[in-house]
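Chemist: Following this message is one structure expressed as structure tokens.
Every number here is computed from the coordinates shown, using simple stated rules; none is lab data. Since the structure is predicted, the reported quantities are computational estimates derived from the model, not experimental observations. Neighbour counts run over all protein chains shown; Cβ positions are idealised from the backbone, glycine included.
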Amino acid sequence: MANINLNKKQFEKEIGKLDEKMKDRIAMLGTPIEKIDANEIQIEVFPNRPDLLSYQGFKRAFLPFLGRVTGLKNYKINKPEKNYKIIVDSSLKNVRPYTACAIVKNLRLDSTKIKELVEIQEKLHITIGRKRKRIAIGLYPLEKIKLPIIYKAVEPDKIKFIPLESNKEMSGLQILQRHSTGKEYAHLLAGKAKFPIFMDADKNILSMPPIINSQLTGRVTEKTKDIFVECSGFDFELLNKCLNIIVTNLADMGGRIYQMEIKYKNKKITPNLMSEKIKISLENTNKLLGLNLNEKQLKQLLEKMGYGYNKGTVEIPSWRMDILHEVDLIEDVAIAYGYENFVPEIPEISTIGQEDLREIIKRKISEILTGLNILEVSNYHLTNKRDQFAKMGLQEKHENFVEIEGSKTDFTILRKNLTHYLLKILSENIDSEYPQRIFETGKVFGKNKEITEEENLAVAISPGNFTEVKQILGYLSKMIGLKIEVEEKEEFPQHFIGGRTTSIKIDNKEIGFIGEIHPKILKNWRIKMPVTIFEIRLKEIFKGLK
């Protein structure tokens, strides 16, 4: 989540008086107020709505929600003028391959608007940009740039310019080593033989994304009338969405949007503000929400959330990144209808509820382990191939795993075990106090003919040895009243050290392994202390305790 600050004076002038009713409306949009003082209103924006991370974006969504200027907002977009081009060099292929760009002209900037531009740039960097890893954004005064612009990768020692907040020319490596912003984001270019740069037709360097702009060409001021906007990263469609958010904000400040020609192997034109279209069923909407809306009411509610609607088809604004399915639209219908207007109903069925036995057992296991001063952690069901396989010394081609189709993040597969996630947590806390004792109960997934889903328990101790973790397993066995045994075995997971590993069994059925992690694996995770782990399937424990 992110908090943004709205100028209170501007809000009351352009939207309305900030009375109790207005405060309620702000909260009901899904942007609760965090704080109000004499000058600013601080609101919280949820991760699924990056288009609200600025005053202009919030205003664009909030006015229709109040019943003013409803429906889809359209922006005029001008075709590229002469030399409105970005030449993308093939040297970027393995560095930072894509960019989406635009020019916005005829702006009248003041300190409030510049502050807003800086804030949305940084909020987008932190949120959908994953701290600039996926997206980096640059804003430049067009009057200081000679078009066309070249986007290429260059050896670090050949990059020389004065970075923002500096008065001294530096090379690419010097920026990463000496400049405060360079040091903060140096890890994003670590190990790269070449660094990406934007350069104008006079060979002036505009910026070195995702690190920093040039002092000469990369500072927007109140005198700036025309702005060049670029987004760089690894996902062209995501860059386009991000660019749409920025240019529509600039257009709401009074600017005129101009497209640019991006010269890859195939020419692309950005930005593209065409709306997407998704079907919505009135029947599904009423069924999910428990309402009895007619089509006219559905149209009014969708337009209240800034959509266009015509005969079962919804037009999605080009700056909305959160609409993936009909259900997302139905959620917005519920927001427009008002959660406060839903009437609770008691179901016309009689049931007797009780807690699932498996949940009772898992809770008991958690209580036992926390009583041993072991910290419970919880991780995503999704992971990535590097963590699941490469860092664990496994060959991906030999593993059966479930891959996510069309994943929009670095998380592309369902996890096969909990062990690698516990090692990941330990690797991210190498500077924290030792000993570190953690455990997790959670779902893991596999794939044979069909996708399988099971629940596992894993415990990790660092520094720890085989005897210590075996004692924890023995104590757990005693406390839940189920005999759990260990047995030496010649075959075991290769992330363990041979001779310090045993299998774990219940009623002679193997349910997991206990062992000390191999030094090679610890090195992959950059863990400097010894780690001992056991991981077991809970299926047999559930059966044994029924």
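Chemist: Residues in region 371-390, backbone N under 19 Å from the label point at Phe542 (7 Å along the Cα-to-beta-carbon vector): list them, ranges by number please.
Modeler: Counting only backbone N, you get 379, 381-382.
Chemist: Which ³J(HN,Hα) values in Hz, rounded to whole numbers, follow from the phi angles of region 478-484 under the Karplus curve 6.51 cos²θ - 1.76 cosθ + 1.60, where θ = phi - 60° and Gly and Pro get x?
Modeler: For region 478-484, the Karplus curve yields 5, 6, 8, x, 9, 6, 10 Hz.
Chemist: What number in nm² do you get for region 357-544 if you take the convex hull of its Cα atoms and divide its surface by four?
Modeler: Its average projected convex-hull area is 11.0 nm².
Chemist: With everything on Cα atoms, drop me the angle between helix 326-337 and the longest principal axis of the chain, reported from 0 to 90° to the nearest 10.
Modeler: Approximately 70 degrees, to the nearest ten.
Chemist: Over the Cα atoms of region 37-108, Rg to Rh with Kirkwood Rh, two decimal places?
Modeler: Rg divided by Rh gives 1.10.
Chemist: Are any of the pairs Lys443/Lys483; Lys168/Lys263; Lys443/Lys489; Lys158/Lys520; Lys59/Lys263; Lys82/Lys168 more than 31 Å apart by Cα-Cα distance, and if so, which?
Modeler: Long pairs (Cα-Cα over 31 Å): Lys168/Lys263; Lys158/Lys520; Lys59/Lys263; Lys82/Lys168.
Chemist: Give me a comma-separated list of calculated 3J(HN,Hα) values for region 35-52, in order, Karplus coefficients 6.51, -1.76, 1.60 applied at θ = phi - 60°, integers in Hz, x for any Gly or Pro.
Modeler: 6, 9, 10, 5, 10, 9, 10, 9, 10, 9, 10, 6, x, 7, 10, x, 5, 9
Chemist: Can you report the principal axis dimensions of region 276-340 using only the alpha carbons, biggest first, rounded to whole angstrom?
Modeler: Each principal axis gives a Cα extent; for region 276-340 these are 29, 25, 18 Å.
Chemist: ³J(HN,Hα) across region 448-459 via Karplus (A = 6.51, B = -1.76, C = 1.60, θ = phi - 60°), whole Hz, x for Gly/Pro?
Modeler: My calculation for region 448-459 gives 10, 7, 10, 6, 10, 9, 9, 10, 10, 10, 9, 10 Hz in order.
Chemist: Residue separation times 0.36 nm, minus the C-alpha to C-alpha distance between Ser350 and Lys13: what's the value? Mind dumping the intermediate values first?
Modeler: On the way: separation 337, 0.36 × 337 = 121.32 nm, distance 5.41 nm.
Difference between extended and current length: 115.9 nm.
Chemist: Starting with the highest mean, order 292-299, 528-535, 228-235, 63-70 by the number of other Cβ atoms within 10 Å, averaged over the residues of each peptide.
Modeler: Descending packing order for the listed peptides: 228-235, 528-535, 63-70, 292-299.
Chemist: Viscosity 0.692 mPa s, temperature 37 °C: Stokes-Einstein D of region 77-270 from its Kirkwood Cα radius, in µm² per second?
Modeler: In µm²/s, the coefficient is 199.
Chemist: Round to a whole angstrom and tell me the spacing of the C-alpha centers of region 45-74 and region 464-521.
Modeler: Answer, in whole Å: 55.
Chemist: Could you give the alpha-carbon Rg of the chain over 2.2 N^0.38 Å, rounded to two decimals?
Modeler: Compactness ratio reported: 1.16.
Chemist: Just the Cα atoms of region 246-356, one point each, no solvent: what log10 I(q)/I(0) does Debye give at q = 0.11 Å⁻¹?
Modeler: Per q value, in the given order, log10 I(q)/I(0) is -0.53.
Chemist: How much net charge surrounds His125 when only other residues with a Cβ under 13 Å from its Cβ are counted (Lys, Arg +1; Asp, Glu -1)?
Modeler: Every neighbour counted, the sum reads +3.
Chemist: Which chymotrypsin sites (Phe, Trp or Tyr not before Pro) does region 271-364 hold that lie in a coil by DSSP with at most 15 other beta carbons within 10 Å?
Modeler: On the way: sites: Tyr307, Tyr309, Trp319, Tyr337, Tyr339, Phe342; in loops: Tyr307, Trp319, Phe342.
Those that pass, being in a loop and sparsely packed, are Phe342.
Chemist: Treat every Asp and Glu Cβ in region 276-340 as -1 and every Lys and Arg Cβ as +1, leave all other atoms uncharged, and give the resulting dipole magnitude about the Cα centre to the nearest 20 debye.
Modeler: 260 debye
Chemist: Using 0.36 nm per residue of separation minus the Cα-Cα distance, give me the extension gain between Glu295 and Val343 in nm, one decimal.
Modeler: Details: separation 48, 0.36 × 48 = 17.28 nm, distance 2.09 nm.
Gain in length upon complete extension: 15.2 nm.
Chemist: To continue, here is another question. Helix 357-371 against the longest principal axis of the chain: what's the angle in degrees, Cα atoms only, rounded to the nearest 10?
Modeler: It is inclined by approximately 90 degrees.
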